[in-house]
Amino acid sequence: MDFNIKTMAEYAAEGKSPEVLFWVGCAGSFDDRAKKITKAFCKILNKIGVEFAVLGQEESCTGDPAKRAGNEFVFQMMALTNIEVLNAYEVKKIVTACPHCFNTLKNEYPSLGGNFEVVHHTQFLKKLMEEGRLKIEGGAFKGKKITFHDPCYLGRANDEYEAPRMLLEKLDAELVEMKRCKTNGLCCGAGGAQMFKEPEKGNKDINVERTEEALSFEPKIIATGCPFCNTMMTDGVKHFNKNTEVEVKDIVELLAEAEDL
Amino acid sequence: MQYIDNIIFLILLVAGFGLFAKSLSKIYRNIRLGREINRSDHKAERWETMARVAMGQSKMVKRPVAGILHLFVYVGFVIINIELVEIIVDGIFGTHRFLSSIFGHSFYNFFTATLEILALLVIIGVVVFFIRRNFYGVKRLTMKELFGWPKHDANWILIIEFALMMAFFKMNTADWVLQQRGLLPEHGSFPISSTFLAPIFNNFSDSVLFFTEKAAWWFHFAGILFFMNYLYYSKHLHIILAFPSTWFANLNKKGKFNNLESVTKEIKLMMDPNADPYAAPAEGAEADVPSKFGAEDVFDLNQVQLLNAYSCTECGRCTSVCPANITGKKLSPRLILMKTRDRLEEVGRNIDKNGKFVDDGKKLLNDYVTKEELWACTTCNACTEACPILLDPLSIIFEMRRFLVMEQSAAPQELNLMMTNVENNAAPWQYNQADRLNWAND
């Protein structure tokens with residue numbers, strides 16, 4: 001293992017507190033594909049020496065899928081428990097690689113007593129770059145065509161379109177925009193708890209529609225900023241039998257790759 | 001007998017405005033059937049939003065062709081309403097082109113010339129809209145959900161606007177030719193009428209011209225009154241309700257869904273180790289009968305959601321960007337608003353008939369909106385982003401999902417499983433919370 005993970009409990013035992021809490025999220029903890037995103041992000045933080053902690057066994061679902069499915073009870077049960085834990089550790093700043101966790105922690109926890117500065121991992125890395133702490137050598141992706149799929153819960157839900165694009169531009173790749181991007185972005189089909197159920201009957205699945213659009217640009221890489229979008233787009237690429245030609249990668253994976261981590 | 005015109009005019013005027021006021025009061029009453037919601041915060045930002053979005057049409061121009069044509073019709077409509085003042089004064093007092101005496105010669109010339117140009121732009125706008133809607137095949141305007149009244153309604157609006165503008169030009173041309181013949185005092189400048197229509201009208205006799213001028217004036221006036229009263233039965237109400245709808249719009253980040261306070265209380269009590277679950281409520285505490293969770297019928301929606309339903313002009317920009325709709329699923333955000341309005345109108349008629357609402361055995365949920373539609377939503381907010389007047393169909397979908405889940409336990413089985421997992425394992429999948437950090441050692 002070439003990275004170093006500490007929990008909030010360990011920091012607390014040392015009487016210290018980290019710069020930031022990394023909220024891993026359910027997908028990032030348990031989903032085999034999303035775990036790679038989690039690790040890539042940790043490697044980058046390790047490399048530039050950001051002191052961060054995770055909650056580990058003390059973390060639980062933010063409640064987002066239950067809430068969007070309509071179950072306010074389960075949502076608030078998770079939210080109030082999480083807030084107790086976070087407040088007990090006096091957490092000030094949270095970074096997460098999942099736009100759903102990001103949105104819920106940032107927008108829906110405050111009125112329940114959870115007031116934290118919450119950022120998405122692309123926003124966090126952008127800030128580190130602006131501060132000069134993170135330096136990215138371009139080149140590894142020179143000339144490769146990349147298209148970015150906006151996650152709804154980062155983009156339209158929270159108006160963040162710039163941070164992921166700024167990071168991608170640093171890779172010296174050829175960034176192509178799909179027609180439906182930014183405010184007009186098309187959902188991957190997983191939001192609103194759809195990830196956990198079969199889609200309703202229709203002509204096609206939403207992720208197939210979206211991947212079709214992405215593939216029409218013949219990109220080498222479809223970049224994502226959400227573990228659920230990642231799964232949906234990966235499935236879409238498989239649907240078109242393009243998985244040997246096109247990769248679906250989270251932005252932090254691309255950055256870690258560029259840095260040879 | 002010389003005042004007969006003025007008297008007929010006054011009667012029409014009072015009846016027209018009176019009926020319209022009655023319609024508006026009915027809408028107001030129906031909207032108030034919804035739950036109260038406090039949207040009176042951030043007043044400065046609300047005025048700014050309304051000025052930018054409703055008056056400034058900032059979201060309309062996202063689709064440039066429809067946006068610019070709509071701008072023609074909108075600006076034309078607003079300015080031409082100034083003329084209504086002139087019509088009313090002339091009608092009551094029997095004056096002719098009353099504003100000329102207030103504006104002065106050159107400004108009145110400028111005013112009438114501007115009106116003519118705008119009226120021409122309105123005609124261009126409505127003609128292109130008519131073609132787009134009926135022959136060109138813009139998908140969102142030709143979808144099945146618009147068959148029947150919504151389609152006829154849209155066409156009637158365009159036809160009425162076209163007829164009103166044509167009457168306006170007829171009136172001006174007859175007036176101008178009479179002015180040239182020295183039979184009416186010279187007021188105003190009519191660049192379109194005098195160039196394009198006057199050559200035809202020049203052949204008419206004085207009496208025909210006088211009759212045409214009068215007839216067009218009356219048609220124009222009666223047409224406006226008719227159109228105003230038609231609004232209540234039409235999707236065209238947006239010309240009024242777009243303003244309050246943008247003012248009361250949700251100013252939060254789109255991803256922020258409201259937290260139900262009644263639930264917070266319950267959970268806090270549940271989590272408090274010192275709470276006595278059997279304790280009687282404290283003396284003097286309000287009897288806190290929790291109302292329904294979520295929405296089953298229009299009464300359970302909030303007043304802004306009901307206002308939204310009346311404000312929707314069925315343009316379908318929301319539906320055309322909805323990922324569920326694009327991929328052939330039953331959900332259409334526009335139809336959610338249309339059905340909400342239909343149900344609210346039905347409830348209103350019930351109240352009109354019975355004095356108060358008498359249970360009719362119907363509900364918005366199931367009788368109008370099906371579960372299949374509700375469960376197809378990805379909550380992506382494409383619909384709310386697309387709406388030119390900031391309506392929020394997603395919030396209605398969300399409230400109805402809450403009802404299905406919290407009142408009826410009627411979620412799809414897979415979602416029940418997911419929710420059980422969240423509750424028991426603190427993750428939507430059936431993994432053990434103790435394994436949360438295993439990835440670090442893989």
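The residues of region A:6-50 that are in a helix (DSSP H, G or I) and charged (D, E, K, R), listed by number, are A:GLU10, A:ASP32, A:ARG33, A:LYS35, A:LYS36, A:LYS39, A:LYS43, A:LYS47.
Taken over region B:179-212, the criterion of being assigned to a helix (DSSP H, G or I) and within 22 Å of B:ILE102 (Cα to Cα) is satisfied by B:GLN179, B:PRO191. Within region A:74-101, residues that are among the aromatic types (Phe, Trp, Tyr) have Cβ atoms under 6 Å from residues that are in a loop (DSSP other than H, G, I, E, B) and open to solvent by less than 10 Å² (accessible area, probe 1.4 Å) in these pairs: A:PHE75/A:GLY63, counting only partners at least 6 apart in sequence or on another chain.
Residue by residue through region A:231-261, note down the ones that are closer than 23 Å to A:PHE30 by Cβ, of a type outside the set (D, E, K, R) and surrounded by fewer than 16 Cβ atoms within 10 Å (Cβ to Cβ). Once the filter is applied, which keeps residues that are closer than 23 Å to A:PHE30 by Cβ, of a type outside the set (D, E, K, R) and surrounded by fewer than 16 Cβ atoms within 10 Å (Cβ to Cβ), region A:231-261 yields only A:ASN243. If you check A:THR211 against the conditions, is it within 14 Å of another protein chain (Cβ to nearest Cβ), open to solvent by less than 10 Å² (accessible area, probe 1.4 Å) and part of a helix (DSSP H, G or I)? So A:THR211 passes the test. Please work out if B:GLU423 is surrounded by fewer than 19 Cβ atoms within 10 Å (Cβ to Cβ) and within 8 Å of chain A (Cβ to nearest Cβ). Here the answer is yes, as B:GLU423 does meet what is asked.
Scanning region A:33-43 for residues that are closer than 14 Å to B:ALA440 by Cβ, open to solvent by 20 Å² or more (accessible area, probe 1.4 Å) and more than 11 Å from chain B (Cβ to nearest Cβ) yields a single hit, A:LYS43. Every condition in (1) open to solvent by 40 Å² or more (accessible area, probe 1.4 Å); (2) over 27 Å from B:PRO388 (Cβ atoms) holds for B:PRO64 except the one numbered (2). Counting only helices (runs of 4 or more DSSP H) that sit completely within region B:369-442, those holding 2 or more residues that are closer than 20 Å to B:ASP297 by Cβ correspond to B:371-375, B:393-402. Put simply, of B:ILE131, B:ILE88 the only residue that is β-branched (Val, Ile, Thr) and open to solvent by less than 70 Å² (accessible area, probe 1.4 Å) is B:ILE88. If you check B:CYS380, B:CYS387 for being closer than 25 Å to A:GLY185 by Cβ and at the interface with chain A (Cβ under 7 Å from one of its Cβ atoms), only one passes: B:CYS380. Quick check on B:ALA163: is it in a helix (DSSP H, G or I) and touching a Ser or Thr at 6+ places or on another chain (Cβ under 9 Å)? No; evaluated as a whole, the condition is false for this residue. In region A:58-85, of all residues being under 17 Å from A:MET195 (Cβ atoms) and charged (D, E, K, R), the one that is surrounded by the most Cβ atoms within 10 Å (Cβ to Cβ) corresponds to A:ASP64. Determine whether B:PHE219 is farther than 30 Å from A:ALA157 by Cα, out of contact with any Phe, Trp or Tyr (no Cβ under 9 Å at 6 or more places or on another chain) and either touching a residue at least 40 places away in the same chain (Cβ under 8 Å) or in a loop (DSSP other than H, G, I, E, B) (or both). Yes, satisfied. If I filter region A:9-32 down to residues being more than 16 Å from A:ASP250 (Cβ to Cβ) and among the acidic types (Asp, Glu), which single residue comes out as nearest to the other protein chains (Cβ to nearest Cβ)? This residue is A:GLU10.
The values are calculated or read from the model by the stated rules, or taken from the named source; none is laboratory data. Worth saying up front: this structure is predicted, and the values here are computed from it rather than measured. Backbone-built Cβ (ideal geometry, glycine too); neighbour counts: all protein chains shown. Just the protein is used for accessible areas: all its heavy atoms, side chains included, with ligands, DNA and RNA removed. Shrake-Rupley method; radii C 1.70, N 1.55, O 1.52, S 1.80 Å.
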